[in-house]
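Presented below is the structure to which this report refers.
A short reminder: the numbers here are calculations on the coordinates, not readings from a lab. Predicted model only: the values in this text are computed from it and were never measured. Every residue, glycine as well, gets a Cβ built from its backbone with ideal geometry; the counts of neighbours run over all protein chains shown.
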Amino acid sequence: MAARNTASGTAAPTSPAPMVLVCGDDDFSVKQRARALYEQWCSELGGMDHEVVDATAGNASDAQQKIAKLHAALNTLPFFGGAKVVWFQNCNFLGEDRTASSASVTSALSDLAETLKTFRWDGVRLLISAGKPDKRRAFFKTFEKLGAVEFFAALSQDDKDWAGKAESEAIRILREAGKETDDEALAELVNRVGPNLRMLASECEKLALYTGARSVVTLGDVQLCVSRQKLARAFALAEALGDRDLAKLLRTLDEELWEIRVGTDKRKSEIGLLYGLISKVRSLLMLKELLTNGALKPSRDYNSFKAQLERIPPSSMPADRRFNPLASHPFVLFQAMKQAANYRTDELVEAMGVLLEANRKLVSADLDEALVLQQAAFRIVGMRRKAA
């Protein structure tokens, strides 16, 4: 049977195969799906002789012992007769790491594959939950041919559809808790958490507890309860600039500079902070232009705004994602649309000039980077606003 790629966080359909491999680099979804399938099988088959084998191995010798336990579990008949489910849980030696690549483990898995080919599945079902497997290995190919493979890929910021998948999962979790939410609150929730399904589930549970007897989760609930994760914090500086809030901008800038100085995030740098501000001002300029030429109309409703974005022909936008506003998440653009009203077009053009000057100073001049960024922030946010 062919492998089935399953969207992260989405329950896969029940497989008729007697053996199923649930795997992938989305550890949260793998565990969630494997647990649900195990409980479903146990309920369908009844009995009390189902067996869970811990398949986490620290080395090659340990992995061989785990495989031997699986052989024993498959060949041990239920004490009271009937059917049996065997769950080989959290297997960590089907990938490409040192343990999985050892000759002894490779040989043991090959022997297991041969056993599965001739095994009589009358009244026995096998479930394996594992991390991302090496699809080139004979064991995986055998399992894929004889049984069913469900693969859960982790959400990634590079995945254009990650926000939509996260929104679907958040809706599912909240509905299971008897809660509903509007699009604006949902988008803010996903924007704060980012592509992390485990954290998303945790924050949804927190919202369900906080709202208590209320059936609707509001934007205010999300803003009050949901923590800003790393991805959201990365945009905090640009958001403060968009809000034209000088105190917030300087406070956030100081926090970012402190992280750079102490080295808590090696990927951060002063020039990186500057490029983030440049990207924000560019987005504000582009949205300003879309509003001016009528391609977009100001809207206080997120749904209405998202519908407008979907009607814009992709061919009318730049091919380069850096200059294409449609490449951003709709809620980010919705926020930027509202923030565009804080600046006039000439102010945004002037801001680009200020940031260009700051770029030259950071690259070529022997100046204090923090001072350069602080001066640029003062000049952009503190520009005198002329009467409309």
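Summary table
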{"read-out": "Rg in Å to one decimal, and Dmax rounded to a whole Å, for the range 235-381 via C-alpha atoms", "value": "16.1, 49"}
{"read-out": "Longest to shortest principal axis, alpha-carbon extents of the chain, angstrom", "value": "85, 50, 42"}
{"read-out": "Cross-link partners of Lys141 among lysines (Cα-Cα below 16 Å; sequence separation of 8 or more within a chain)", "value": "Lys117, Lys132"}
{"read-out": "Across Lys206/Lys268; Lys179/Lys306; Lys165/Lys206, pairs whose alpha-carbon gap is larger than 26 Å", "value": "Lys206/Lys268"}
{"read-out": "The range 16-161 - charge dipole about Cα centre, Lys and Arg +1 at Cβ, Asp and Glu -1, debye rounded to 20", "value": "380 debye"}
{"read-out": "Added length on full extension, which subtracts the Cα-Cα distance from 0.36 nm per residue, Arg35 to Gln375", "value": "116.9 nm"}
{"read-out": "Förster-model FRET efficiency, 41 Å R0, Glu289 and Leu367, C-beta, rounded to 0.05", "value": "0.80"}
{"read-out": "Helix 270-292 vs. the chain, principal-axis angle (Cα, 0 to 90°, nearest 10)", "value": "70 degrees"}
{"read-out": "Net charge dipole size for the chain [Lys, Arg +1 and Asp, Glu -1 on Cβ; Debye, nearest 20]", "value": "560 debye"}
{"read-out": "Helix-only [θ]222 nm of the chain, DSSP H runs n ≥ 4, -39500 (n - 2.57) each, per residue, nearest 500", "value": "-17500 deg cm²/dmol"}
{"read-out": "Whole-Hz ³J(HN,Hα) from phi, Karplus 6.51 cos²θ - 1.76 cosθ + 1.60, for the range 162-172, glycine and proline x", "value": "4, 5, x, 5, 5, 4, 4, 5, 5, 4, 4"}
{"read-out": "Gained length - Glu114 relative to Thr218, 0.36 nm times residue gap less alpha-carbon distance", "value": "31.9 nm"}
{"read-out": "For Ala73, net neighbour charge (Lys/Arg +1, Asp/Glu -1) across residues whose Cβ lies under 9 Å away", "value": "+1"}
{"read-out": "Per-residue ³J(HN,Hα) for the range 243-253, Karplus 6.51 cos²θ - 1.76 cosθ + 1.60, θ = phi - 60°, Hz, x for Gly and Pro", "value": "6, 6, 10, 5, 4, 5, 5, 5, 5, 5, 4"}
{"read-out": "Base-10 log of normalised Debye intensity for the range 124-256 (one unit scatterer per alpha-carbon) at q = 0.16 Å⁻¹", "value": "-0.89"}
{"read-out": "Net length gained if the chain between Ala68 and Arg172 were fully extended (0.36 nm per residue, minus Cα distance)", "value": "33.5 nm"}
{"read-out": "Relative contact order [Cα under 8 Å, 6+ residues apart], the chain, whole percent", "value": "15 percent"}
{"read-out": "For the range 96-129 and the range 287-352, distance of Cα centres in Å", "value": "53 Å"}
{"read-out": "Rounded tilt (10° steps) of 330-339 against the dominant C-alpha axis of the chain", "value": "20 degrees"}
{"read-out": "Length-normalised contact order for the range 310-388 - Cα pairs under 8 Å, 6+ apart - percent", "value": "21 percent"}
{"read-out": "Size of charge dipole - the range 162-225 - debye, nearest 20, with Cβ of Lys, Arg +1 and Asp, Glu -1, no other charges", "value": "220 debye"}
